[in-house]
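Input: a single structure, listed below in C-alpha cells.
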Amino acid sequence: MKIKFIFLFLFIIFTIVFIYIPKNDHNIKIAVIDSGIDVNHVDVSVIKRFDNKQTVMDSFGHGSAIAEIINKNNENIDFYDGNILDENGNTSVETLIKALDWCIENKVNLINMSFGLSENNVKLKKKIDEVVSHNILIIAAAGNKFGLKSDYPARYNNVISISAVDSKNKIYKFAAKGKIDFVSLGVDVETVKIKKLAEVKVLSGTSFATANATGYISKLIPDDFSLPFKEILHRLKQKTQTLNNDERDSTYGYGLLLNKN
C-alpha cells in the first residue's frame, strides 16, 4: 500500500508541474531584416547571418539599434541577422525576397522589418504570403510618410503594421496614416548609436516603434506561433490601450501595445 501511495503521490506532483509551470525552454527566433547587427556594440545572441561575405557587420548602424531595442524588451531571443540594407539604408526587392526565403529556411518565429517600400510589388506580396503560411509573424514599420499612406509590407493585411507615439502617447509628427494596426513608443528612443546613427541627436520614427513592438509581441503570443493570423491579432488587441473612441482608426490603429503579459 505504501509503495502504491508513493507512486500515486509522485504522479500527481509530476502532473501538476508539467501542466502549470510555464515552459520557456527555448528562445524566440527573431529575424531582423535590416542593415546588420554589430555584436561588438550590441550584447545579443546572433545565431546566423544572411550575408556572411560582408566584412562590416553593420555599415549603417540602424540594424544594431533595432536589435538592442528588441532585446531590451525580451532577452530570451535568438537573433537571425538579415543584413541586407547598405550604408544608406537601401536594398533591392530581389534581395529582400531572398532574405525572406532565408527566414523560412531557418524557421524563425518573427520577422522585424523596420523599413518599407512606397509601392506595392507583386512578387513581394506573393513571398510575404508564403512566409505567413509557414506560421512566421511579420511586424513592419508603417513608415515616416508625413501623414501619407503606410509603406509595404506593413500595408498588407497579413502583416502587423506599427506606428509611433511619444511617452505621452502623442502620435509621431512624421508617422504614416492608413493601414495601422498598433502604435508603440518610437519618439526619443534610447538605444546604441553607431556609424551614421551616431550623428543623429534624437532617434525617432516608426522603425524604432516597430522594434519595441516586436519585443513586446515576442512575449505576448504563444511560443509555437501556430495560431492563425486573425487569432494572433485578436490576442494582441486584448493587450492594448485604446487611444481613440473608435475600435480602430487610421492614426493609432487598435491602440498602444502594452509591455506586459
Quick one: which of D181, D101 is of a type in the set (D, E), in contact with a helix residue (DSSP H, G or I) (Cβ under 8 Å, 6 or more places away or on another chain) and surrounded by 16 or more Cβ atoms within 10 Å (Cβ to Cβ)?
-> D181
Residues in segment 79-113 that are closer than 16 Å to K125 by Cβ and β-branched (V, I, T): how many?
-> 4
How about segment 221-251: which of its residues are assigned to a helix (DSSP H, G or I) and in contact with a strand residue (DSSP E or B) (Cβ under 8 Å, 6 or more places away or on another chain)?
-> F229, I232, L233, L236
Sort out which residues of segment 121-178 are surrounded by 15 or more Cβ atoms within 10 Å (Cβ to Cβ), in contact (Cβ under 8 Å) with a residue 60 or more places away in the chain and either of a type in the set (K, R) or on the phi > 0 side of the Ramachandran plot (or both), and write them in order of number.
-> N135, G143, K177, G178
Cβ-Cβ below 7 Å, separation at least six or inter-chain, first residue in segment 199-220 and free of Cβ contacts under 8 Å to residues at least 12 places away in the same chain, second surrounded by fewer than 24 Cβ atoms within 10 Å (Cβ to Cβ): which pairs?
-> V200/K193
Taking K145 as the residue in question, decide whether it is under 21 Å from T91 (Cα atoms) and more than 17 Å from the chain's Cα centre (by Cα).
-> yes
Residues that are in a loop (DSSP other than H, G, I, E, B), among the charged types (D, E, K, R) and closer than 24 Å to Q238 by Cα, drawn from segment 148-186 = R155, D166, K168, K170, K179, D181
Single match in F60, F50 (criterion: touching a residue at least 60 places away in the same chain (Cβ under 8 Å), of a type in the set (F, W, Y) and either in contact with a strand residue (DSSP E or B) (Cβ under 6 Å, 6 or more places away or on another chain) or crowded, with 16+ Cβ neighbours inside 10 Å (or both)) = F60
Taking K145, is it assigned to a loop (DSSP other than H, G, I, E, B), of a type in the set (D, E, K, R), at pLDDT 95 or above and more than 20 Å from V32 (Cα to Cα)?
-> no
Which residue pairs have Cβ atoms closer than 6 Å, lie 6 or more positions apart in sequence or on different chains, and pair a first residue in segment 242-261 that is at negative phi with a second residue that is buried (at least 18 other Cβ atoms within 10 Å of the Cβ) and basic (K, R)?
-> S250/K177; T251/K177; L258/K239
Some residue of segment 211-233 being surrounded by fewer than 20 Cβ atoms within 10 Å (Cβ to Cβ), modelled with pLDDT of 90 or more, closer than 20 Å to A154 by Cβ and in contact with a Phe, Trp or Tyr (Cβ under 9 Å, 6 or more places away or on another chain) = yes
Across segment 252-261, which residue is surrounded by the fewest Cβ atoms within 10 Å (Cβ to Cβ) among those that are in contact with a helix residue (DSSP H, G or I) (Cβ under 7 Å, 6 or more places away or on another chain) and part of a loop (DSSP other than H, G, I, E, B)?
-> N261
Residues being among the small types (G, A, S) and out of contact with any strand residue (DSSP E or B) (no Cβ under 6 Å at 6 or more places or on another chain): count how many of those fall in segment 63-75.
-> 2
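The values are calculated or read from the model by the stated rules, or taken from the named source; none is laboratory data. Model, not experiment: these values are computed from the prediction. Counting neighbours? That spans all protein chains shown, and the Cβs are built from the backbone with ideal geometry, glycine included.
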